[in-house]
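Right, one structure below, let's go through it.
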Amino acid sequence: MAVSTPVAEPADPALARVEDNPSHSRFDLWVGDELVGILGYRTASDDLDASPAGDVPGGDPQVVALMHTVVKEDFGGRGWAAILVREVLEESRVRGWRLRPVCTYVQRYLGTHTEFLALVDDAA
C-alpha cells in the first residue's frame, strides 16, 4: 500500500490578516491565531543602526525601507509571502510611503507586479 504525502494547501488570502507592528518595525502576517510571517521595515525615525543599504537618508518620514520578509517554514512555498508583500504594498500606497526595497523577495515581487513600481523611491 502506497503512502501518500499530504499536499500543502496553497495560501488563501481570505485566511490572512496583516497588521502593522510599529513597536517591532514590522508587519505581521497572521493565519487564524498563528503568526506565520513578518516583513521588517525601517523608517527615518528608527533609532536602530542599519546597514548602509537600509539607511533612510535625509530623515524623510515618508521613505520606508523594506528590509526582510520571513515566513515560517511550515508555511513556505505556498504563497504566504506574496500575500504579505502585496498587503504591505497596498498599505504603503494608502499611507503615501515611498519605498526602498532592500529585501530581495520584495524586489522580485516588484519585478513581476509592476503596478506597485510607482511606490519605489527615486533614490532607491
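When DSSP assigns beta bridges and you keep just the ones with both residues in the range 14-119, what percent turn out antiparallel, to the nearest 5? Let's see the in-between values first.
Numbers: 19 of 23 bridges.
Restricted to the range 14-119, the bridges split so that about 85 percent are antiparallel.
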Ordering 28-39, 12-23 by per-residue average of other C-beta atoms within 10 angstrom, highest first, gives 28-39, 12-23
Listed by chain and number, the residues whose amide H is under 5 Å from that of residue 26, excluding neighbours fewer than 5 places away on the same chain and using placed H, are 21, 41
On each of the three principal axes the extent of the alpha-carbon atoms of the range 70-109, given in whole Å and largest first, is 33, 18, 13
The equivalent-ellipsoid semi-axes of the range 14-119, taken as the square roots of five times the Cα gyration tensor eigenvalues and listed largest first in whole Å, are 22, 15, 13
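Since every read-out is calculated from the coordinates, none of them should be taken as a lab result. All values derive from a computational prediction rather than experimental measurement. Cβ sites come from the backbone with ideal geometry, for glycine too, and all protein chains shown count toward neighbours.
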